[in-house]
Amino acid sequence: MTIDEYNISVDDFSDGVYRFVLKNCHNSELAHDLVQDSFMRLWIKRKEVNFKKGKSWLFSTAYHRLIDHVRKNDRISSIEGREHHTPLSYDQYSDVKEVLDRAVRQLPDIQRSVVLLRDYEGYSYREIGEITSLSESQVKVYIYRARLFLKKYIVSPDLVI
């Protein structure tokens, strides 16, 4: 990858990578840090990364950095003690997007990641498998389970009333 191709990658892919990371971590500062770290790693490996694979490489790197961060924080929080989350109750909903965002946040990390890559970013099953180090069939199963959960969650009478 040349310097010009790297700059094109920054211009074309930074917003998408940021949205993907932000949807998974819900922390804008952390998302900025992980995206910046991903681009820094791309800069270091720019001679090894093909420009045509740059987008996939960036999403994969950002995904793995996010997983590393989550694992590190899980270890820290398990030492300090975990909070017990009470089920959320919703008095009413004001927007379908809000309900969908709430539903997506409740998905397990891997399901949320593959759904976001597929439905928000438009990756193929094969590309998602490369990014997440899963087989194509595993990706399909996770997406199916996530969509099933989202369907049940969205049509829940509690949210409509």
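The values are calculated or read from the model by the stated rules, or taken from the named source; none is laboratory data. Computed from a predicted structure; not experimentally measured. Methodologically, a virtual Cβ is constructed for each residue, glycine included, from the backbone with ideal geometry; neighbour enumeration extends over all protein chains shown.
If you check Asp101 against the conditions, is it acidic (Asp, Glu) and modelled with pLDDT under 85? Considered against the rule, which asks whether it is acidic (Asp, Glu) and modelled with pLDDT under 85, Asp101 comes out as yes. Remark: Val35 falls outside the filter, which requires a residue to be in contact with a Phe, Trp or Tyr (Cβ under 7 Å, 6 or more places away or on another chain), under 16 Å from Lys23 (Cβ atoms), surrounded by 12 or more Cβ atoms within 10 Å (Cβ to Cβ) and modelled with pLDDT under 80. Among the residues examined, Asp91 does not qualify as closer than 25 Å to Val114 by Cβ and either of a type in the set (Asp, Glu) or at pLDDT 85 or above (or both). For region 92-126, a residue qualifies if it is within 14 Å of the chain's Cα centre (by Cα) and of a type in the set (Asp, Glu), and the qualifying residues are Asp101, Asp109, Asp119, Glu121.
With respect to Leu22, is the statement that it is surrounded by 14 or more Cβ atoms within 10 Å (Cβ to Cβ), assigned to a helix (DSSP H, G or I) and either touching a residue at least 24 places away in the same chain (Cβ under 8 Å) or touching a Leu at 6+ places or on another chain (Cβ under 6 Å) (or both) true? It is false that Leu22 is surrounded by 14 or more Cβ atoms within 10 Å (Cβ to Cβ), assigned to a helix (DSSP H, G or I) and either touching a residue at least 24 places away in the same chain (Cβ under 8 Å) or touching a Leu at 6+ places or on another chain (Cβ under 6 Å) (or both).
Just one of Tyr63, Tyr125, Tyr120 is closer than 20 Å to Asn24 by Cα, touching a Phe, Trp or Tyr at 6+ places or on another chain (Cβ under 8 Å) and modelled with pLDDT of 85 or more; which is it?
Details: Tyr125 fails: touching a Phe, Trp or Tyr at 6+ places or on another chain (Cβ under 8 Å); Tyr120 fails: modelled with pLDDT of 85 or more.
Selected residue: Tyr63, the only one of Tyr63, Tyr125, Tyr120 that is closer than 20 Å to Asn24 by Cα, touching a Phe, Trp or Tyr at 6+ places or on another chain (Cβ under 8 Å) and modelled with pLDDT of 85 or more.
Note on region 98-161: enclosed helices (runs of 4 or more DSSP H) holding 2 or more residues that are crowded, with 18+ Cβ neighbours inside 10 Å and outside the structural domain of Trp57 (by TED's automatic domain parsing) are 109-115, 125-132, 136-154. If you go through region 37-52 and keep only what is part of a helix (DSSP H, G or I) and in contact with a helix residue (DSSP H, G or I) (Cβ under 9 Å, 6 or more places away or on another chain), you end up with Asp37, Ser38, Phe39, Arg41, Leu42, Trp43, Phe51.
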